[in-house]
Structure formats: structure tokens, C-alpha cells
Amino acid sequence: MARPATIFSCSACGTQSPKWHGRCPGCGEWNTLVEERAPAPSGARARGAAAGAAGAATAAQAVRLRDVQVERTPRLRTGIGELDRVLGGGLVPGSLVLLGGSPGIGKSTLTNMALGHLAAAGRRTLYVSGEESAAQIRLRAERLGDAALDVPVLAETDLDAVLATMRAERPEACVIDSVQTLHSAALDSAPGTVGQVREVATRVAEVAKRSGTAVVLVGHVTKEGSLAGPRVLEHLVDCVLQFEGERERTYRTLRALKNRFGSTNDVGVFEMAANGLAEVLDASARFVGEATKAPGSVVLAAMEGSRPLLVEVQALVSPSELVPPRRVCNGLDRNRLALVLAVLGRHAGVAVGSADVFVNVVGGVRIDEPGADLAVALAVASAARGVATSPSPLACFGEIGLTGELRSVAHPERRAAEAAQFGLRTVLSPVGAPTLRAAVRGALGERDRPARAA
Ligand code: TYD
Ligand code: MG
């Protein structure tokens, strides 16, 4: 009988089976069997083992790091400043970058533009699309300017054909849009399944390393935000970029979740315009300029990695009959909002137990840091009392502790400096207000109010 070309192995316990099961026969977990190419024939392995036993295998020589030869190939600058910064200075030849994001966010636009700039700089490029026809890609490229039209495209979903083209063309930069649409004939499973995605990435990586091609693999994320298939690729690639934001909003952020050649701190801010993505270099100025001075609005001096960013946080508090009342937030963690509301009620005298609370970070930006707590609390307090902060807009930052204290967060000077640069001289922070109660009073100008009756 012919040996099956593929096997199914359980990603939880490693049990192998010649055919697929919904439930692993080894550990009983559901949906863990993934198709893989079968390992090398046992004859070869047996010979290797025998040679090892006989002592024929020679010991490999370990090398001191100081003596390791490093080829310092310059990075490929994509010409998109924000992208280059997040990558740590540009694409590294021979490396693999995974660019994740939800459909319609602008992944194809960003990669098209990057290749266009590289082509204009005289680099060999290749754009492989398994999603769109060459004509569709051309229509988009026409919007992106003349340089984008010089990029060679390949509309293909067969992995072997793509690899053959890569070997023949030897591009310096190659985009594969998307990794979920390519299909390896060696596996029977459908494109986009874990086995296929892993196989595609592994084989592309082999070719990329050999030819020194910098490859960007585009991957779709699910509604829940996980890189569905591509999640399994994170350990395999050198750099994972996440393109975030909402399709209907103007601003999009690009951040590195993993980067072997740079920091994971930097964030790029983009805006979708009629002729592609535009870098937003003055993000803070825009957000502050657009900030309303109405009750419920506060400016958060946030750190997006190593970069300070001012964003407006807005809250609406409205009486509700619902039990429990609504807690809706955009751009923030829901659990964090629950915590802030609890501390506000317990320690700062702002009870919103019978009201719907909506909190929004303006512009579709997502803030993931503890320093946002104070801004959320002050926006809710200001909305609940119907009093604008004084001065307005007011900048603030700080983490809220469970006992009502304010805790310091990283880079207070850089946050304050960014606020000052955009005309926000008063910055409320844990330095000036040790407790949330003091911060609320300070922000709402309630210093002279008599203590609330209990
Ligand atoms: P796209 O890059 O195709 O998104 P993804 O590859 O992540 O799915 O494009 C996203 C959206 O941006 C698309 O709906 C059309 C819009 N768009 C513009 O507004 N201006 C432009 O210049 C381009 C190219 C696209
Ligand atoms: Mg696309």
C-alpha cells in the first residue's frame, strides 16, 4: 500500500493519525487535528540513528558570539515613514513580516504603496495576490500614483507556482496577499486552514531566506481580533504587525506585536484618503484641535509605545431603566471601564449605578494602557455632573488603584511635555492629585464645595 503523503497530528497532545478526526483519539480534545506533510521515510531516519549510535556523528562547533560573522545588509526603506519606524528602520532582507488586520482596513493599500515606493527606488518587487485579479489590483494602484503601477503582480493561489516565480524573479521585496488564500497541493485541506497556512509560511520562509527576499505575508483577522489562521504563524515569522482601527473611521494605527529587528513600542498612525493611506504625523495636534470643550470630554496624555499621543476621551452618562444598565466603550477595555466605574462610585462620590455609561476614544484609536484610567474616570465624572472640566480641555493621565489612589505610570515627563506642546499647560496626574477624589474635585473645580453629606 502506498504511504499516505500527509498525516494529521493533534496540536494539543501530538497524537498522529492517518485520517482526520473531529475529536483527537489521544487526548479527547475537539478540533485539534491539523494536516501536515508526512515526515521523512523511516528508512532514512533509521540509518541516521544507527550512525549516531556508532558514534559516527561529529560534534558541531559552537562559536563565541563575538566571532559570529554578521552580514550587515542595509534595510529596505519602504518610503512610508510610519511603516519604516514600526518595522524598526525598514524591511530586513530575508525576513518574514506578518501583517494582520480586519478586512477593508487597508492592508492591500499599504503593501501596494510600499512596493510602489520600492519599485520607484529601483528595487525588484513582486506582489502576489490570491484575492484579487490583476485588473482589480491595477485599479487600486491607479489611485495610489504612478509608482505603484510599476510593481509586477501575480494573481495566483497555487503555492508551488508562487514559489517558482519567486525563485525565478528573485524579488528583493515580495508581498503575499493573503497567506490564507494560497494553497499547497501537498496537503488535502482547504486554503486558510491551520495546516495550509503553516505549510505556506514555512515554504515561503525557506525561499525567502535563500534568496534574501523580504516577504510581507498579509493575514486576515477575525471579528474577535485574533489572527485566526495566522495566529499559528506568530512564532514562525520575524515580525508581526497589527493594523487596527475601524473601517468607518478615519484613523488607523499600525503596531508591532513582535519584532526580532526592532522594538515593539512604536505605533504608526494613518488616515485613509482618496489616494491611499496618508501618514498622520501630527496626530496629537489633530485630536486636541478637535476636542470639544463640553462636559464629558477629557484629553488623555497617552503613551503609544515610546511615542506620546494626546487623544480625546468622551463619556455620556444617561439615566436608564435597564437592569443592569448599559456599559459601552469604544477603544478601551470593558473590564477596565467596570473597574473605573466601581472606584468612582466607592471612593470618589460619583455613582452611576442607575445610568447607562458610554465611553469613547475619539477617532477610532485604541488605547491599551493603565494610564487611561484617570481620563475615563474624569470624563465619566464630568458627564455625570454635567460640568465641563476646568480648564477645558484638560489633559490627564494616571492609573487608578482599587482603594481610590492614583498610581504613577511610565514616562510622566514625556506625557506632560507633549500636552504642553499643544497648549495644554495644566496636566492632572498622580503627582498633583494622590487620590481619585482629589483629582475629580480638581478637574471639576469643586475645591470649595462642602463635603458631600453621606
Ligand atoms: P484595502 O487595502 O483593499 O483593505 P484590505 O486589504 O485590508 O482588505 O482597502 C480598504 C478600503 O480603503 C477600501 O474599502 C477602499 C478604501 N480606499 C480608499 O478610501 N482610498 C484609497 O485610495 C484606496 C486604495 C482604498
Ligand atoms: Mg486586501
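A few comments on the model shown:
- Odd one out for residue 160, checked against (1) surrounded by 15 or more Cβ atoms within 10 Å (Cβ to Cβ); (2) more than 30 Å from residue 267 (Cβ to Cβ): (1)
- Residue within the stretch 280-295 that is within 16 Å of ligand 1 (Cβ to nearest atom), assigned to a strand (DSSP E or B), out of contact with any Cys (no Cβ under 6 Å at 6 or more places or on another chain) and touching a residue at least 12 places away in the same chain (Cβ under 8 Å) present: no
- Breaking point among (1) buried (at least 22 other Cβ atoms within 10 Å of the Cβ); (2) without any contact (Cβ under 8 Å) to a residue 40 or more places away in the chain, for residue 182: (2)
- Index of the failed condition, residue 212 passing every other in (1) out of contact with any Pro (no Cβ under 7 Å at 6 or more places or on another chain); (2) more than 16 Å from ligand 1 (Cβ to nearest atom); (3) farther than 22 Å from residue 365 by Cβ: (1)
- Given (1) touching a residue at least 60 places away in the same chain (Cβ under 8 Å); (2) within 16 Å of ligand 2 (Cβ to nearest atom), number of the condition residue 145 does not satisfy: (2)
- Residue match in the stretch 400-421 (condition: closer than 20 Å to residue 315 by Cα, basic (Lys, Arg) and in contact (Cβ under 8 Å) with a residue 60 or more places away in the chain): no
- Within the stretch 359-373, residues that are assigned to a strand (DSSP E or B) reach partners that are not aliphatic (A, V, I, L, M) with beta carbons closer than 6 Å, at six or more positions or on different chains, in the pairs 359/329; 360/314; 360/330; 361/331.
- Exclusive hit being under 24 Å from residue 410 (Cβ atoms), over 26 Å from the mean Cα position of the chain (by Cα) and outside any loop (DSSP other than H, G, I, E, B), set 342, 379: 379
- The stretch 240-263 - residue that is outside any strand (DSSP E or B) and of a type in the set (Ser, Thr, Tyr) and, of those, farthest from ligand 1 (Cβ to nearest atom): 263
- The stretch 246-279, subset within 16 Å of ligand 2 (Cβ to nearest atom) and modelled with pLDDT of 80 or more, residue nearest to residue 148 (Cα to Cα): 276
- Filter result for the condition that a residue is away from ligand 1 (no atom under 16 Å from the Cβ), surrounded by fewer than 22 Cβ atoms within 10 Å (Cβ to Cβ) and not polar (S, T, N, Q), over 322, 300, 344: 322
- Neighbours by Cβ (under 9 Å, 6+ apart or cross-chain): first from the stretch 97-115, near ligand 1 (Cβ under 6 Å from one of its atoms); second of a type in the set (S, T, N, Q): 101/242; 107/178; 108/129; 108/178
- The strands (runs of 3 or more DSSP E) found entirely in the stretch 90-165 that carry 3 or more residues being in contact with a strand residue (DSSP E or B) (Cβ under 9 Å, 6 or more places away or on another chain) and under 18 Å from residue 256 (Cα atoms) are 96-101.
- Residue within the stretch 391-402 that is crowded, with 17+ Cβ neighbours inside 10 Å, among the aliphatic types (A, V, I, L, M), in contact with a Ser or Thr (Cβ under 6 Å, 6 or more places away or on another chain) and more than 14 Å from residue 299 (Cβ to Cβ) present: no
- The set of residues in the stretch 98-115 that are away from ligand 2 (no atom under 13 Å from the Cβ) and modelled with pLDDT under 95 contains only 98.
- Applying the condition of being out of contact with any Asp or Glu (no Cβ under 8 Å at 6 or more places or on another chain) and surrounded by fewer than 19 Cβ atoms within 10 Å (Cβ to Cβ) to the stretch 145-155 and asking which residue is nearest to residue 120 (Cα to Cα) yields 147.
The values are calculated or read from the model by the stated rules, or taken from the named source; none is laboratory data. Quick caveat, the model's predicted, so the values are computed rather than measured. So basically every Cβ, Gly included, is an ideal-geometry build from the backbone, and we count neighbours across all protein chains shown.
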